[in-house]
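The values are calculated or read from the model by the stated rules, or taken from the named source; none is laboratory data. No experiment lies behind these values; they were computed from the predicted model shown. Because the Cβ atoms are built from the backbone with ideal geometry, glycine has one as well, and the counts that use them run over all protein chains shown.
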Amino acid sequence: MASSYALLMKQNFGDLEAAAASWRKLGEGSGDAQSRHRGQVSGALRRSGWAGDDANAAYGKLERAEEQLGIVNAEAMAIAVTIDTVHQRMSAAQQELRAAVSEAEGNNYRVDDDGWVTGPQLDPVERHDPDAQEINRQQNARLGEFRQRIEEAVRKAEQASADGAASLGQLNGDVVNADSAKAQAEVANDVAGMRSSLGLASVVPNHDNPADNAKWWNSLTQAQQREYLALYPAEVGNRNGIPSHVRDVANRAQLEQQLDLARNDTSEDGRKRLGALQKLRDRLESEDRDPKGPEVLLLGLDPKDDGQAIVAFGNPDTAKNTAVYIPGTTAELDGIGGDLNRMKDLQAASDQYGKPGDTATIMWLGYDAPDSVVKDAPFDNYAEDGAPKLDRYVDSLGVTHDGGPRHTSVIGHSYGSVVVGEAAKNGNGLAADEIIVAGSPGMHVQHAKDLNIDPKHVWAAEADGDPVPNLGVLKHGRGGWFDFPNTPTSDDFGANRITTDGNHGHSEYWNNNGKPHSALGNQAAIITGNYDKVGLEN
């Protein structure tokens with residue numbers, strides 16, 4: 001303990017502060033360069049429409065450069081966090097040590113150069129004095145306390161140093177030159193190892209209330225926000241209440257890491273996950289290349305099991321109108337292309353009622369949807385599990401909005417409408433101005449008024465030839481066991497039944513057939529508040 005005690009007593013942490021600042025500057029610089037490169041170089045080229053073999057080869061090189069910048073960003077930030085953490089812990093240990101030594105010496109104890117404490121000594125006369133003997137017993141008790149405090153402070157400093165060394169040992173700078181197919185996976189593993197070595201496994205809070213997440217995020221300095229983005233993309237990207245642009249950056253970084261992890265997983269689940277993630281990445285890149293399309297944001301990603309994702313066409317933080325679409329049975333990450341098409345078409349149809357950017361549409365696959373119409377869809381547990389998640393997400397739209405005019409709609413298709421009903425009927429309901437359902441088997445309520453919203457703002461579509469409402473009503477059309485089963489398009493339910501001109505069956509509610517009173521045209525009018533343009537069934 002001798003050398004550790006002497007070092008800790010005199011330690012100046014200025015070098016650690018300077019080192020952390022330098023690594024953080026490198027991380028921030030590489031992160032900024034990556035963002036500029038994506039926006040002004042590769043992004044600009046994609047939006048220009050450049051295509052072909054030469055373009056694909058160039059894009060591959062550009063993506064590799066961006067990947068390397070991202071790796072430097074994450075690894076440098078991880079080193080900065082490690083040094084900062086060691087600094088904080090050793091500085092705290094030093095304060096404890098100096099306080100113990102100061103208190104001991106102030107009470108006439110002696111602390112030698114090795115950190116060993118000895119107590120005041122009795123002279124020969126005092127050894128026979130009962131009062132002096134009692135004082136001596138008390139002093140001996142405190143002697144043990146001072147020794148323990150000094151030993152504990154030194155132990156904490158040694159542990160901080162050892163943890164820091166272990167953490168730095170997890171960070172492999174060679175990933176910059178590593179095989180591209182493994183580099184992002186190694187970064188994720190490096191950061192996970194760093195977090196484990198330092199005991200930082202749960203550093204990003206996850207509050208049920210999106211406002212609390214927003215308060216936490218806004219309490220961070222810009223440097224801290226960059227740090228969290230670089231090191232914890234999955235946690236930041238999936239936190240309700242954090243701005244949409246931030247979540248998009250985080251989730252795209254997470255997507256790259258998850259792709260590499262899946263590439264190195266040779267199991268059947270790994271191959272399926274890789275296929276689903278690659279489809280999502282390809283779709284995002286395709287949308288990014290469209291110079292006339294809306295901004296596309298990846299607002300949530302969870303590749304586990306069937307996989308989940310949240311994708312926005314337009315920015316809900318700045319849009320005047322926002323629609324959240326919840327898909328139904330069989331929805332999973334591997335097959336969300338059709339659901340994305342629906343929201344892209346709805347966003348485009350809504351542009352006729354305002355300026356580009358006025359409306360954002362969101363494909364919300366933030367719950368585990370039933371896998372099978374027969375085996376799973378009749379059961380309530382999927383809706384009961386998904387409803388509070390939907391409720392929190394819709395709440396978050398108000399938290400992250402810029403404060404201008406805001407009109408929010410929630411759209412449920414098929415079993416997605418059951419999730420909407422379950423969320424709306426409980427507590428204060430959904431923080432939405434409109435509820436729209438299409439092909440609904442029921443909403444777990446008897447009447448529209450039970451959805452905690454004015455029934456005038458509940459809208460339902462049922463196309464000719466759609467079997468789901470009749471098949472599902474007995475299971476999902478009741479609010480209670482003794483209620484008569486109702487679907488939202490039943491006269492007794494009390495919703496506005498919208499026309500579905502040109503739509504047939506269960507899957508055509510978002511077909512762009514050019515008819516103003518198709519289900520798509522009516523939804524566009526509703527989500528933008530143009531009620532006089534909505535076609536209603538007689």
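Which residue is surrounded by the most Cβ atoms within 10 Å (Cβ to Cβ), if the candidates are limited to segment 442-497 and must be of a type in the set (D, E, K, R), farther than 15 Å from Val420 by Cβ and out of contact with any Pro (no Cβ under 9 Å at 6 or more places or on another chain)? Going through the qualifying residues, I end up with Asp466.
Only one entry of Ala432, Ala460 meets the criterion of being farther than 24 Å from Glu332 by Cβ, in a loop (DSSP other than H, G, I, E, B) and of a type in the set (A, V, I, L, M), and that entry is Ala432. For segment 311-429, the helices (runs of 4 or more DSSP H) that sit wholly inside it and include 2 or more residues that are out of contact with any strand residue (DSSP E or B) (no Cβ under 6 Å at 6 or more places or on another chain) and among the hydroxyl-bearing types (Ser, Thr, Tyr) are 381-400.
Screening segment 498-538 for residues that are charged (D, E, K, R) and within 20 Å of Ala348 (Cα to Cα) and picking the one that is surrounded by the fewest Cβ atoms within 10 Å (Cβ to Cβ) gives Asp532.
Of the residues Asn513, Asn538, the single one that is outside the structural domain of Thr361 (by TED's automatic domain parsing) and out of contact with any Ser or Thr (no Cβ under 8 Å at 6 or more places or on another chain) is Asn538. Once segment 370-398 is narrowed to residues that are among the hydroxyl-bearing types (Ser, Thr, Tyr) and surrounded by 17 or more Cβ atoms within 10 Å (Cβ to Cβ), the residue that is farthest from Arg247 (Cα to Cα) is Tyr382. Considered as a group, the residues in segment 210-256 that are free of Cβ contacts under 8 Å to residues at least 12 places away in the same chain and outside any helix (DSSP H, G or I) include one that is nearest to Arg392 (Cα to Cα), and that residue is Leu220.
Taking helices (runs of 4 or more DSSP H) as the structural unit, those lying wholly within segment 1-80 and holding at least 2 residues that are modelled with pLDDT of 85 or more correspond to 2-10, 14-36. Please tell me if Gly43 is crowded, with 20+ Cβ neighbours inside 10 Å and either touching a residue at least 24 places away in the same chain (Cβ under 8 Å) or under 26 Å from the mean Cα position of the chain (by Cα) (or both). Here the answer is no, as Gly43 does not meet what is asked.
Listed conditions (1) more than 22 Å from the chain's Cα centre (by Cα); (2) more than 20 Å from Trp510 (Cβ to Cβ); (3) crowded, with 22+ Cβ neighbours inside 10 Å are all met by Asn321, apart from (2). Condition test on Gly386, is it over 23 Å from the mean Cα position of the chain (by Cα) and of a type outside the set (A, V, I, L, M)? So Gly386 fails the test. Go over the candidates Lys279, Lys292, Lys272 one by one and state the one that is free of Cβ contacts under 8 Å to residues at least 12 places away in the same chain and not hydroxyl-bearing (Ser, Thr, Tyr). Within the list Lys279, Lys292, Lys272, the selection yields Lys292. Here is the figure for segment 343-369: residues that are crowded, with 22+ Cβ neighbours inside 10 Å, touching a Pro at 6+ places or on another chain (Cβ under 9 Å) and either farther than 14 Å from Val296 by Cα or not assigned by TED's automatic domain parsing to the domain that holds Asp302 (or both) total 2. Considering each residue of segment 459-474 in turn, none proves to be more than 25 Å from Lys533 (Cβ to Cβ) and touching a Phe, Trp or Tyr at 6+ places or on another chain (Cβ under 6 Å). Is one or more of the residues making up segment 511-528 part of a strand (DSSP E or B) and either aromatic (Phe, Trp, Tyr) or at pLDDT below 95 (or both)? No: segment 511-528 contains no residue that is part of a strand (DSSP E or B) and either aromatic (Phe, Trp, Tyr) or at pLDDT below 95 (or both).
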